[in-house]
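Colleague: Below is one structure. I have some questions about it.
The values are calculated or read from the model by the stated rules, or taken from the named source; none is laboratory data. Small disclaimer: the values here were computed from a predicted structure and weren't measured. Neighbour counts run over all protein chains shown; Cβ positions are idealised from the backbone, glycine included.
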Amino acid sequence: MAEDVTAQVCVVGGGPAGLALGLELARREVRVTVVEQSATNARSFRGESISPDSVWLLDRLGLLPKLRGSFLEMRRMEITDGGRTVLRAEFADFPYPHPYPVELPQPALLSVLAEQAAPFEGFQLLRRATAVELVEAADGTVTGVRCRTPEGDLTVHATLTVAADGRFSKIRELSGLAATKVPLDRDVIWLKLPFPAEWDAATYRVRIRGGQHGLFIPTHPDDVRVGLNIPKGGLKELRAEGISALHRRIDALAPELSETVRTHVKGWTDTSMLDIFTALVPRWHRPGLVLTGDAAHTLSPILGQGVNHAVIDAVTLAPMLAPHFAGGRTPSIPLLDSVLAEFQAVREPSVARSRGLQLRQERMFALEQPWQVRGRQLLYRLVDRSPALKQRILAGAYFQLQGGDGVPGLDLTAPAAAPVPAAATSK
Ligand SMILES: Cc1cc2nc3c(=O)[nH]c(=O)nc-3n(C[C@H](O)[C@H](O)[C@H](O)COP(=O)(O)OP(=O)(O)OC[C@H]3O[C@@H](n4cnc5c(N)ncnc54)[C@H](O)[C@@H]3O)c2cc1C
């Protein structure tokens with residue numbers, strides 16, 4: 001028989017946004033329950049690119065040393081268009097404490113977040129609990145969620161409910177907060193292959209040929225993740241041509257992988273499709289409820305921005321909320337609502353900047369008329385020759401925080417409370 005739970009904050013979703021928020025609230029002595037539908041951190045195919053700003057954040061939060069050995073540090077990015085290298089960026093050239101993005105499998109990140117949060121007395125992670133309904137007071141204020149578990153239904157009562165349940169957020173849908181899904185022109189097919197011996201494992205490779213492009217991303221410990229663009233909704237057509245059509249796409253972009261792809265990708269079950277869209281959500285909150293991470297702002301996978309913004313949401317929101325919940329206090333709903341409005345106002349411009357950069361990049365990749373392709377190649381070469389331009393473009397995705405201009409209100413100076421030993425807690 002499942003028992004109801006009472007917390008100050010209930011977070012729905014134990015992904016990067018939810019677990020990072022749970023940890024940051026627990027460190028500030030806020031009683032928080034994270035509700036996660038999965039039994040473990042093992043996840044279906046997920047992006048693993050973590051931007052340098054997030055690496056910096058993970059370091060500031062004391063988590064980076066615990067992740068050592070679980071990630072690959074990337075040193076450069078190389079864009080090839082029509083068989084020629086048109087742009088190369090050496091991340092070491094960027095003057096920031098953490099200039100390198102890393103490739104970090106999400107299960108490792110989520111395990112460290114959950115392990116660090118677990119010893120705090122006020123932290124609770126409810127696994128195999130799926131939020132199915134919002135609980136509301138007579139005036140419409142959200143006061144918690146009802147969850148389905150293998151032991152039966154339970155309710156988590158909370159002053160604030162946080163939707164961190166990802167790009168297909170059920171809580172957002174239940175809340176009635178409007179969201180517009182904006183599909184991008186193309187989808188991506190992902191697959192993994194053993195890493196080719198002739199490549200160095202510290203380079204992101206973007207290969208473009210006409211209107212086709214592929215991302216070739218080194219993946220911990222020794223694979224390469226390949227993301228191939230296809231026309232929006234074009235999977236059915238491609239599938240009808242058989243798996244050899246996919247092999248031929250690889251041949252065109254990375255002939256070095258021709259043999260490997262035929263050995264390791266024998267059917268469509270060896271691939272995974274990502275429907276690429278961004279979600280525009282004009283209002284992220286209503287009384288008693290706020291959206292964070294992908295639920296508030298789904299991004300495309302270009303330049304590894306999803307996890308970045310999910311974690312920044314968490315480290316921004318936690319210090320804004322904590323003073324109002326300190327010492328077991330319950331903030332009034334209007335006060336809480338004003339904090340949530342401020343949270344959105346602080347975070348939105350930074351997300352919009354990344355989204356704009358991704359959309360521009362996506363449009364560049366999609367150009368296919370010969371004159372457009374020539375223009376694109378020219379532009380990449382121009383950027384290649386100008387360190388200032390390179391810096392400016394990458395700063396929008398990689399160095400908003402470290403560049404110091406991006407996220408007002410972010411409080412990383414507050415010392416984190418020392419973990420309470422697990423043995424001393426009673427849950
Ligand atoms: C194929 C693919 C490639 C990507 N590539 C990258 C990349 O390289 N770099 C990058 O930064 N981002 C990438 N992304 C995006 C990235 O995965 C997300 O932006 C990031 O995980 C968002 O974190 P989140 O915590 O908001 O949501 P999620 O990671 O989606 O977490 C949501 C959690 O909520 C749980 N949940 C959902 N509904 C419920 C419910 N009703 N009750 C309880 N629990 C629930 C889910 O099980 C999940 O654990 C990629 C995404 C995909 C799908």
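Colleague: For Ala108, all conditions in the list (1) among the small types (Gly, Ala, Ser); (2) surrounded by fewer than 20 Cβ atoms within 10 Å (Cβ to Cβ); (3) over 22 Å from the mean Cα position of the chain (by Cα) hold save one; what is the number of the exception?
Modeller: Failing condition for Ala108: (3).
Colleague: Identify the residue in the stretch 215-263 that is among the hydrophobic types (A, V, I, L, M, F, W, C), within 14 Å of Phe195 (Cβ to Cβ) and not in a loop (DSSP other than H, G, I, E, B) and, among all such residues, is nearest to the ligand (Cβ to nearest atom).
Modeller: Ile217
Colleague: Another question, then. Considering only the stretch 92-113, how many residues are in contact with a strand residue (DSSP E or B) (Cβ under 9 Å, 6 or more places away or on another chain) and within 16 Å of the ligand (Cβ to nearest atom)?
Modeller: Looking only at that region, the number is 7.
Colleague: Which of the residues that make up the stretch 65-86 are within 16 Å of the ligand (Cβ to nearest atom) and either more than 22 Å from Trp190 (Cβ to Cβ) or not assigned by TED's automatic domain parsing to the domain that holds Val315 (or both)?
Modeller: Once the filter is applied, which keeps residues that are within 16 Å of the ligand (Cβ to nearest atom) and either more than 22 Å from Trp190 (Cβ to Cβ) or not assigned by TED's automatic domain parsing to the domain that holds Val315 (or both), the stretch 65-86 yields only Leu67.
Colleague: Of Glu29, Glu36, which residue is in contact (Cβ under 8 Å) with a residue 60 or more places away in the chain, among the acidic types (Asp, Glu) and buried (at least 20 other Cβ atoms within 10 Å of the Cβ)?
Modeller: Answer to the check: Glu36.
Colleague: Every residue in the stretch 27-47 that is closer than 28 Å to Pro319 by Cα, modelled with pLDDT under 95 and within 8 Å of the ligand (Cβ to nearest atom), please.
Modeller: Within the stretch 27-47, just Gly47 meets the criteria.
Colleague: Turning to a different aspect of this structure: How about the stretch 222-238: which of its residues are in contact (Cβ under 8 Å) with a residue 12 or more places away in the chain and either surrounded by fewer than 16 Cβ atoms within 10 Å (Cβ to Cβ) or assigned by TED's automatic domain parsing to the domain that holds Leu303 (or both)?
Modeller: Result: Asp222, Pro231, Lys232, Gly233, Gly234.
Colleague: Can we say Thr263 is under 30 Å from Leu394 (Cα atoms) and not assigned by TED's automatic domain parsing to the domain that holds Leu401?
Modeller: no
Colleague: If we keep just the residues of the stretch 134-168 that are more than 10 Å from the ligand (Cβ to nearest atom) and among the charged types (D, E, K, R), which is nearest to Thr33 (Cα to Cα)?
Modeller: If we take residues in the stretch 134-168 being more than 10 Å from the ligand (Cβ to nearest atom) and among the charged types (D, E, K, R), then Arg146 is nearest to Thr33 (Cα to Cα).
Colleague: Something else now. Residue under question is Asp139, and the condition is that it be under 16 Å from Ile333 (Cα atoms), among the acidic types (Asp, Glu) and surrounded by fewer than 23 Cβ atoms within 10 Å (Cβ to Cβ); does it hold?
Modeller: So Asp139 fits the description; yes.
Colleague: Out of Lys181, Lys192, I need the residue that is within 13 Å of the ligand (Cβ to nearest atom) and over 23 Å from Val315 (Cα atoms). Which one?
Modeller: Only one candidate passes the filter, namely Lys192.
Colleague: Answer yes if at least one residue in the stretch 301-310 is more than 9 Å from the ligand (Cβ to nearest atom), buried (at least 18 other Cβ atoms within 10 Å of the Cβ) and among the small types (Gly, Ala, Ser), and no otherwise.
Modeller: No - not one qualifying residue is present in the stretch 301-310.
Colleague: If the Cβ limit is 6 Å and pairs must be 6+ apart or interchain, which residue in the stretch 336-352 that is assigned by TED's automatic domain parsing to the domain that holds Tyr398 and modelled with pLDDT of 95 or more pairs with which residue that is assigned to a helix (DSSP H, G or I) and among the aliphatic types (A, V, I, L, M)?
Modeller: These pairs meet every condition: Val339/Met320; Phe343/Leu317; Phe343/Met320.
Colleague: Still on this structure: What strands (runs of 3 or more DSSP E) lie completely within the stretch 108-168 and have 3 or more residues being under 15 Å from Asp4 (Cβ atoms)?
Modeller: 130-136, 142-149, 152-163
Colleague: A further question on this structure: All but one of (1) more than 14 Å from the ligand (Cβ to nearest atom); (2) surrounded by fewer than 17 Cβ atoms within 10 Å (Cβ to Cβ); (3) within 26 Å of Gln372 (Cα to Cα); (4) not β-branched (Val, Ile, Thr) hold for Arg205; state the number of the condition that does not hold.
Modeller: Just one mismatch for Arg205, condition (2).
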